[in-house]
Amino acid sequence: MKTILLGVSGSISAYKAADITNELTKLGYQVDVVMTKSAQEFITPLTLQSLAKRHVHTDVMDEPDVALINHIELAKRADLFLIAPASANIIGKIANGTGDDLLSTVALPLQTDVPKVIAPAMNTYMYQNPVVQRNLATLKELGYQEIEPREALLACGDYGRGALATVETIVDYCQKILADKK
Ligand SMILES: Cc1cc2nc3c(=O)[nH]c(=O)nc-3n(C[C@H](O)[C@H](O)[C@H](O)COP(=O)(O)O)c2cc1C
């Protein structure tokens, strides 16, 4: 069984992580969910735990198995690392090697052969911000793949690129990567 390490960060579209978790689990993947503190303002760990049928991880200092270091184990057993939705903040943190919460920390020990995919979601002006674009370019140089956001009427009322790619696009993308991976 292949394991998807799914990071969920603080975007209004975090609720869509429920469908992503559900679809991937139903397809037979083991989904290890890591949520940021902000993500938990938008959707509860209980929801994602019930859909993944696994413990949801939220705190870098929480060590469910005392014999293991949780953030290292999560990274080691991942066949694919997906962040959906990826906030501007988590993109910036990972692009710069910051590890100040579980999601940013878990990204650090990932081996180079683990496919890494980010699906940004944010206001269109945030997405166009040169610093966000620079961070995305850095991540791509480091081997991350981006599932680009859609153009849509956003929750803030602006129209433009920034809406999370559809659940179907994200799930299909992961399936294709994992099918090609030995
Ligand atoms: C209602 C609301 C919606 C938000 N939506 C987004 C979003 O879609 N994308 C984003 O990058 N930040 C969004 N934010 C801001 C982030 O939640 C904030 O930058 C937070 O610090 C991100 O933390 P995280 O990256 O640790 O999850 C939103 C904030 C609020 C209050």
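When both residues are 6+ apart or on different chains and their Cβ atoms are under 8 Å apart, which pairs have a first residue that lies in the stretch 31-52 and is touching a residue at least 60 places away in the same chain (Cβ under 8 Å), and a second that is of a type in the set (Asp, Glu)?
Sorted first by the residue in the stretch 31-52, then by its partner, the pairs are Thr36/Asp101; Lys37/Asp101.
One residue is enough: does the stretch 109-132 have a residue meeting the conditions touching a Cys at 6+ places or on another chain (Cβ under 9 Å) and under 21 Å from Ile4 (Cα atoms)?
Checked the stretch 109-132: at least one residue is touching a Cys at 6+ places or on another chain (Cβ under 9 Å) and under 21 Å from Ile4 (Cα atoms).
Would you mention how many residues in the stretch 144-176 are closer than 26 Å to Asn96 by Cβ, away from the ligand (no atom under 12 Å from the Cβ) and within 15 Å of the chain's Cα centre (by Cα)?
9
So Ala78 ticks every box in (1) in a loop (DSSP other than H, G, I, E, B); (2) surrounded by fewer than 17 Cβ atoms within 10 Å (Cβ to Cβ); (3) in contact (Cβ under 8 Å) with a residue 24 or more places away in the chain but one. Which box is left unticked?
Condition (2) is where Ala78 drops out.
If we only count strands (runs of 3 or more DSSP E) wholly inside the stretch 86-182, which ones have 1 or more residues that are farther than 29 Å from Asp62 by Cα and among the charged types (D, E, K, R)?
Those strands (runs of 3 or more DSSP E) span 144-146, 150-153, 159-163.
Give me the helices (runs of 4 or more DSSP H) completely within the stretch 1-75, filtered to those with at least 2 residues that are modelled with pLDDT under 95, ordered by residue number.
none
Go through (1) small (Gly, Ala, Ser); (2) in contact with a strand residue (DSSP E or B) (Cβ under 9 Å, 6 or more places away or on another chain); (3) within 20 Å of Asp100 (Cα to Cα) one by one and return the number of the condition Ser13 breaks.
With (1) small (Gly, Ala, Ser); (2) in contact with a strand residue (DSSP E or B) (Cβ under 9 Å, 6 or more places away or on another chain); (3) within 20 Å of Asp100 (Cα to Cα) applied to Ser13, the lone miss is (3).
Run down Thr98, Thr36 and say which single residue is surrounded by 22 or more Cβ atoms within 10 Å (Cβ to Cβ), under 27 Å from Gln128 (Cα atoms) and of a type in the set (S, T, N, Q).
Thr36
So which residues in the stretch 108-126 are within 12 Å of the ligand (Cβ to nearest atom), free of Cβ contacts under 8 Å to residues at least 60 places away in the same chain and either open to solvent by less than 20 Å² (accessible area, probe 1.4 Å) or within 23 Å of Gln175 (Cβ to Cβ) (or both)?
Scanning the stretch 108-126 gives Ile118, Ala119, Pro120, Thr124.
When residues of the stretch 36-57 are filtered for being within 11 Å of the ligand (Cβ to nearest atom) and of a type outside the set (Lys, Arg), how many remain?
Summing the residues that are within 11 Å of the ligand (Cβ to nearest atom) and of a type outside the set (Lys, Arg) in the stretch 36-57 gives 6.
Looking only at the stretch 51-81, count every residue that is within 14 Å of Gln111 (Cα to Cα) and touching a strand residue (DSSP E or B) at 6+ places or on another chain (Cβ under 6 Å) and tell me the total.
Residues meeting the conditions: 6.
Provide a single number: the residues in the stretch 77-106 that are over 9 Å from the mean Cα position of the chain (by Cα), within 21 Å of Ala18 (Cα to Cα) and away from the ligand (no atom under 12 Å from the Cβ).
4
Pull up the stretch 127-164, narrow it to residues that are within 21 Å of Lys93 (Cβ to Cβ) and of a type in the set (A, V, I, L, M), then point me to the one that is surrounded by the most Cβ atoms within 10 Å (Cβ to Cβ).
Leu164
The values are calculated or read from the model by the stated rules, or taken from the named source; none is laboratory data. Fair warning: this is a prediction, and the values are worked out from it, not measured in the lab. Positions of Cβ are backbone-derived with ideal geometry, glycine not excepted, and every protein chain shown enters the neighbour counts. Areas reflect the complete protein model, heavy atoms only, side chains present, ligands, DNA and RNA absent. Shrake-Rupley method; radii C 1.70, N 1.55, O 1.52, S 1.80 Å.
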